[in-house]
Amino acid sequence: MEASSGAHYWARKLIAMGFDARIIAAHLVSPYRSQGKTGKNDANDASAICEAASRPTMNFVAVKSVSQQGMLCVHRLREGMKTERTACINRIRGLLAEFGIVVPQSPERLRKVLSEIIEDAENELSGLARLVITQAQTQWRELDEHIDWCDERIAAHVKDDEQVKRATQLIGIGPVTASAVVATVGDFKQFKNGSQFGAWLGLTPSQNSSGGKNNLGGITKRGDMYVRTLLVQAARSAVLTAHRRNDPISKWMQQLREKSGWQKAAVALANKNARILWALMTKSQCFDAHHVSVNPGLVTAKLMPQACV
């Protein structure tokens, strides 16, 4: 079936009945529609899905479990609350500006002086305007409480899930990013290697190559936008503070930043973290910033799973 709302639910039901249910991303189905973009209907879509599913190289969407979807609900709620909080803060600023009251652009600065502004009898705020801003302030506090509740659920996920614990050990990955990656991916063994996982997240360069000439552009930005955004934002913070650390990865980040700029260095670190994540999850090992890669063909002893502290 095509990936859509409820697709994972129906896939789980069909698997429970003994079927081999597969989910295909919508952008991989549309090229197989015989009528093109103008011939979209249920019959043509069904035919395109069957044609796409028969391709030997087709990449399918892994069916998410109930627990995965439940954790992702927390992340979606948190993102929605963050958007609403930003809108609420901007609304308060706009209302105050109508009366000539301008506060420096920082939520913390506004939070500190907002109560004083409401109580200040010398400004030009009318009685009704004060009531409105008080209601907006109450909404702001409620949104903060909702976000704190989501953060508590994410912290519990980090505490209870061994994979999330491993992910938080990486440089530039915090609890929110680690929880989101594990909840989104689930089984990391569905990817052949770390490079494929990075490509699935859209962190690899796009190509327009022909005749043996390679032309690489910006990253493809395919895959889950939320997880990719978290990885890049976390990597950006790590790159900007790389000069404070002395491990090999931080030194590499600092050199790449000086050579190509901090933005490209952040994307490169996000891709590197994706590859490291795949290795940690598939081999059940803990992160070691001083690890040196070894050719798998030269390894004779089997590495045993480690528990991360």
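Observations, loosely collected:
- Going through (1) within 28 Å of Val158 (Cβ to Cβ); (2) surrounded by 13 or more Cβ atoms within 10 Å (Cβ to Cβ); (3) out of contact with any Cys (no Cβ under 7 Å at 6 or more places or on another chain) one by one, Arg78 falls short only on (3).
- Residues satisfying the criterion are absent from the range 47-56 (criterion: assigned to a helix (DSSP H, G or I), on the phi > 0 side of the Ramachandran plot and assigned by TED's automatic domain parsing to the domain that holds Leu14).
- Condition check for Ile89: among the β-branched types (Val, Ile, Thr), part of a helix (DSSP H, G or I) and under 30 Å from Val132 (Cβ atoms): yes
- Cβ-Cβ under 9 Å pairs, at least 6 apart or on other chains, the range 225-239 side not assigned by TED's automatic domain parsing to the domain that holds Val176, far side in a helix (DSSP H, G or I) and of a type outside the set (Gly, Ala, Ser): none
- The one condition in (1) part of a helix (DSSP H, G or I); (2) on the phi > 0 side of the Ramachandran plot that Ile15 fails to fulfil: (2)
- Some residue of the range 278-296 being under 16 Å from the mean Cα position of the chain (by Cα), modelled with pLDDT of 70 or more and not acidic (Asp, Glu): yes
The values are calculated or read from the model by the stated rules, or taken from the named source; none is laboratory data. Nothing here was measured: the structure is a model prediction, and the numbers come from that model. Glycine also receives a Cβ, built like all others from the backbone with ideal geometry; neighbour counts cover every protein chain displayed.
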